[in-house]
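The values are calculated or read from the model by the stated rules, or taken from the named source; none is laboratory data. Bear in mind that the values here come from a model prediction, so they are computed numbers and not experimental data. Neighbour counts run over all protein chains shown; Cβ positions are idealised from the backbone, glycine included. The accessibility values were calculated without ligands, DNA or RNA, using every heavy atom of the protein model including side chains. Shrake-Rupley method; radii C 1.70, N 1.55, O 1.52, S 1.80 Å.
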Amino acid sequence: MAQLVTIDFETRSAVDLRKIGVHRYAEDASTAPWCMAYAFDDEPVQLWKLGDPLPQDLADHVAAGGLVEAHNAAFELSVWNLLCVPRYGWPPLSIAQCRCTMAMAANLALPRALGNLAPVLGLATNKDKEGTALMLRMARPRKTLEDGTHVWWDTTDKRERLYAYCKTDVEVERLASK
């Protein structure tokens with residue numbers, strides 16, 4: 001079994017994460033993951049997309065108590081446990097299994113934002129700034145109809161670009177961790 005898996009979610013919601021906090025955000029009925037990129041140790045980055053089953057190797061790793069790393073792990077832990085466990089039947093993820101590269105950076109008085117941390121560390125891969133702008137757009141509804149239905153920025157090209165952005169984040173997180 002792999003020693004470590006690095007994960008990163010991209011989500012959407014009608015509620016504002018900054019105003020209500022990560023727990024209420026993850027529990028809100030309008031919140032959903034677009035995708036989650038993940039990579040075991042130094043293996044290639046993989047992608048889970050909404051509607052797909054959780055990959056068995058990832059489910060087994062978490063169920064066995066394997067270590068999971070993320071940048072701002074509190075967000076991934078909340079999305080995993082408060083959204084994906086009840087809605088999709090994923091195995092629970094313990095806080096004891098989590099390691100946070102943002103906390104590691106803060107502990108060393110380095111920038112906490114991944115986009116600022118990567119250049120300070122001189123990483124070969126940096127945060128995707130254009131992808132960040134797209135992610136921020138796709139994280140909120142394009143509009144809400146009179147009946148309360150949310151219309152998302154959801155086209156094949158935007159989703160594919162978001163998936164690439166998410167996978168790049170996992171690569172940057174792994175490099176930052178090392």
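Out of Glu160, Glu171, one residue alone is open to solvent by 50 Å² or more (accessible area, probe 1.4 Å), in contact with a strand residue (DSSP E or B) (Cβ under 9 Å, 6 or more places away or on another chain) and part of a helix (DSSP H, G or I). It is Glu171.
This table checks each residue for (1) in contact with a helix residue (DSSP H, G or I) (Cβ under 6 Å, 6 or more places away or on another chain); (2) among the small types (Gly, Ala, Ser).
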| residue | (1), (2) |
| --- | --- |
| Ala109 | no, yes |
| Thr125 | yes, no |
| Asp128 | yes, no |
| Arg137 | no, no |
| Thr144 | no, no |
| His150 | no, no |
| Tyr163 | no, no |
| Asp169 | no, no |
| Lys178 | no, no |
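With respect to Leu123, determine if the residue is touching a residue at least 12 places away in the same chain (Cβ under 8 Å), part of a loop (DSSP other than H, G, I, E, B), of a type outside the set (Phe, Trp, Tyr) and crowded, with 17+ Cβ neighbours inside 10 Å. Taking the combined requirement at face value, the residue satisfies it. The residues of region 126-147 that are outside any helix (DSSP H, G or I), open to solvent by 40 Å² or more (accessible area, probe 1.4 Å) and either free of Cβ contacts under 8 Å to residues at least 12 places away in the same chain or in contact with a strand residue (DSSP E or B) (Cβ under 9 Å, 6 or more places away or on another chain) (or both), listed by number, are Arg140, Arg142, Lys143, Thr144, Leu145, Glu146, Asp147. Here Ala96 fulfils each of the conditions (1) of a type in the set (Gly, Ala, Ser); (2) in a helix (DSSP H, G or I); (3) touching a strand residue (DSSP E or B) at 6+ places or on another chain (Cβ under 6 Å) apart from (3). Condition test on Cys98, is it touching a residue at least 40 places away in the same chain (Cβ under 8 Å) and within 20 Å of Gly21 (Cβ to Cβ)? No; evaluated as a whole, the condition is false for this residue.
Of everything in region 47-71 that is of a type outside the set (Asp, Glu) and open to solvent by 60 Å² or more (accessible area, probe 1.4 Å), the residue that is farthest from the chain's Cα centre (by Cα) is Ala64.
Taking (1) free of Cβ contacts under 8 Å to residues at least 40 places away in the same chain; (2) touching a helix residue (DSSP H, G or I) at 6+ places or on another chain (Cβ under 9 Å) in turn, Glu69 satisfies each apart from (1).
Close Cβ contacts (under 6 Å, 6 or more residues apart or on different chains) running from residues in region 153-178 that are under 14 Å from Ala133 (Cβ atoms) to residues that are surrounded by fewer than 16 Cβ atoms within 10 Å (Cβ to Cβ) and of a type in the set (Lys, Arg) comprise Trp153/Arg137; Trp153/Arg142. Put simply, of Val62, Val15, Val22 the only residue that is under 22 Å from Lys158 (Cα atoms) and in contact (Cβ under 8 Å) with a residue 12 or more places away in the chain is Val15.
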